[in-house]
1. How many of the residues making up region 13-38 are small (Gly, Ala, Ser) and within 12 Å of the chain's Cα centre (by Cα)?
2. Of these, Val112, Val145, Val186, which one is crowded, with 24+ Cβ neighbours inside 10 Å and at negative phi?
3. With the checklist (1) within 16 Å of ligand 2 (Cβ to nearest atom); (2) in the same structural domain as Ser216 (by TED's automatic domain parsing); (3) of a type outside the set (A, V, I, L, M) in hand, flag the one item Arg239 doesn't pass.
4. Residue by residue through region 252-269, note down the ones that are hydroxyl-bearing (Ser, Thr, Tyr) and buried (at least 21 other Cβ atoms within 10 Å of the Cβ).
5. Would you confirm, using the coordinates I've provided, whether Ala341 is surrounded by fewer than 14 Cβ atoms within 10 Å (Cβ to Cβ), more than 16 Å from ligand 1 (Cβ to nearest atom) and either at pLDDT 95 or above or not in a helix (DSSP H, G or I) (or both)?
6. Quick check: is even one residue across region 289-296 surrounded by 17 or more Cβ atoms within 10 Å (Cβ to Cβ), within 24 Å of Val186 (Cα to Cα) and more than 18 Å from the chain's Cα centre (by Cα)?
7. Restricting to region 248-290, give me the number of residues that are under 19 Å from Ala160 (Cα atoms) and hydrophobic (A, V, I, L, M, F, W, C).
Amino acid sequence: MFFTKRLGIDLGTSRLRIAVPGRGGRIVIDEPTVVTLSNQEHAVLAAGSDAASMLGRAPDSVSVISPMREGVIDDYLIVEALLRYYMSLVTGRFNLVRPEVMIATPAGVTNVEQRAVRDAAEQAGSRRPAHLIANPLAAAIGAGVPMGDPRGALIGNLGAGRSEAAVLSMYGVVVWESARVGGQVVTEAIAEHVKRRHNLLIGEPTAEELKFASASAVPVEDPVRSEVRGRDQSSGMPRSVTITANELVPSIQQVLQTFIEVTRSTLERTPPELTADIIDRGMMLTGGAARLQGIDVYLAEQIGIPVTIADNAEDAVALGAAEALDNLDVVGPNLLAQEGALSGNEAR
Ligand SMILES: Nc1ncnc2c1ncn2[C@@H]1O[C@H](COP(=O)(O)OP(=O)(O)OP(=O)(O)O)[C@@H](O)[C@H]1O
Ligand SMILES: [Mg+2]
């Protein structure tokens, strides 16, 4: 496949992305962070999209496991196995030269959580030490936000299991805040709405499909109508209903409140000179959940500054982590140190 020695890794709650640096970088792996295990031998049966297709459909003999939760490692051995598998796909299985890796983690991870990520990468075959970079810094670099001058930049990174807001300047994180709320909670809120309003139980994949097809953070003029199939809550029998995009808006806005609070409190703690820059430049959104229709409009209205969605929103963290490896002279001092140098807050 691609034989390379430098990898930027975004080990996300829902997706694992690996990028290589150079000329803006390139994504070489983009797969669900999921494996299937046989319950008898505990052997890995499938990883990535092959494993994800069994979600909600696996027989009792098979477990479908998502080893990341809310942005941090939940099942260490599975993460290590996933990293080993996908890193060797990229570097070549018999490559004797260990790759140099930069792994992105949430800004607020504890020292123990950092240690786990570093160990997993090293056990999986990376060169020592595996470097760690905070998600918002990687996201800013990957999204092409100029970082070299002392101007403030506000980044929002919205993932599946976590949302982060951070103010950056000169390749450093100045203030940050994070919450364990992301696209997964949006999906749950949609399923909950369908249950309450239509008395219909739907699975997570169906709710996720509905989110992609029609969810919006603000009401739209010509709302999409989607037919969803599920199980009637009273009779237990299969039934389908038609959902109109706009009926989902209040539930979605309610989930977004947490991120709005996170952003507001980040701004409240930002030094005034940097705040002035941010009012000019606005907020840059990255992460897959930034693809939610209308989210830029809604956040701009709620926070009162312009909001831009990065062109490469879902890939920015992995691309930025890879690029950071090519710029260790400037980025190096701002990487996550063993003892966790960043100070900030975790809201929830
Ligand atoms: N077009 C879209 N509309 C709405 N949501 C979307 C869209 N595309 C992706 N998402 C959501 O984005 C989330 C995934 O984003 P991303 O890949 O950045 O997360 P992650 O890095 O795996 O998670 P985290 O950063 O929280 O660990 C999922 O919840 C997914 O449903
Ligand atoms: Mg992420």
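1. Going residue by residue through region 13-38, those that are small (Gly, Ala, Ser) are 14, 19, 22, 24-25, 38.
Next, from what is left, pick out any that are within 12 Å of the chain's Cα centre (by Cα): 14.
Adding up the residues that qualify gives 1.
2. Details: Val112 fails: crowded, with 24+ Cβ neighbours inside 10 Å; Val145 fails: crowded, with 24+ Cβ neighbours inside 10 Å.
After applying the criteria, what remains is Val186.
3. (1)
4. Step one: filter region 252-269 for residues hydroxyl-bearing (Ser, Thr, Tyr), giving 258, 263, 265-266.
Hits for region 252-269 are Thr263, Thr266.
5. Details: surrounded by fewer than 14 Cβ atoms within 10 Å (Cβ to Cβ): yes; more than 16 Å from ligand 1 (Cβ to nearest atom): yes; either at pLDDT 95 or above or not in a helix (DSSP H, G or I) (or both): yes.
So Ala341 passes the test.
6. Going residue by residue through region 289-296, those that are surrounded by 17 or more Cβ atoms within 10 Å (Cβ to Cβ) are 289-290, 292-296.
Going one step further and asking which of them are within 24 Å of Val186 (Cα to Cα), we end up with 289-290, 292-296.
With the extra rule that they be more than 18 Å from the chain's Cα centre (by Cα), the set shrinks to 294.
Yes, some residue in region 289-296 is surrounded by 17 or more Cβ atoms within 10 Å (Cβ to Cβ), within 24 Å of Val186 (Cα to Cα) and more than 18 Å from the chain's Cα centre (by Cα).
7. Within region 248-290, the first condition is being under 19 Å from Ala160 (Cα atoms), and the residues that meet it are 248-249, 251-263, 284-290.
With the extra rule that they be hydrophobic (A, V, I, L, M, F, W, C), the set shrinks to 248-249, 252, 255-256, 259-260, 262, 284-285, 289-290.
Number satisfying all stated conditions: 12.
Rundown of residues vs (1) in contact with a helix residue (DSSP H, G or I) (Cβ under 6 Å, 6 or more places away or on another chain); (2) among the acidic types (Asp, Glu); (3) more than 23 Å from Pro32 (Cβ to Cβ), yes/no style:
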site: Gly108; (1), (2), (3): no, no, yes
site: Arg127; (1), (2), (3): no, no, yes
site: Ala134; (1), (2), (3): no, no, yes
site: Ile141; (1), (2), (3): yes, no, yes
site: Pro150; (1), (2), (3): no, no, yes
site: Gly172; (1), (2), (3): yes, no, yes
site: Val181; (1), (2), (3): yes, no, no
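The values are calculated or read from the model by the stated rules, or taken from the named source; none is laboratory data. Fair warning: this is a prediction, and the values are worked out from it, not measured in the lab. Cβ sites come from the backbone with ideal geometry, for glycine too, and all protein chains shown count toward neighbours.
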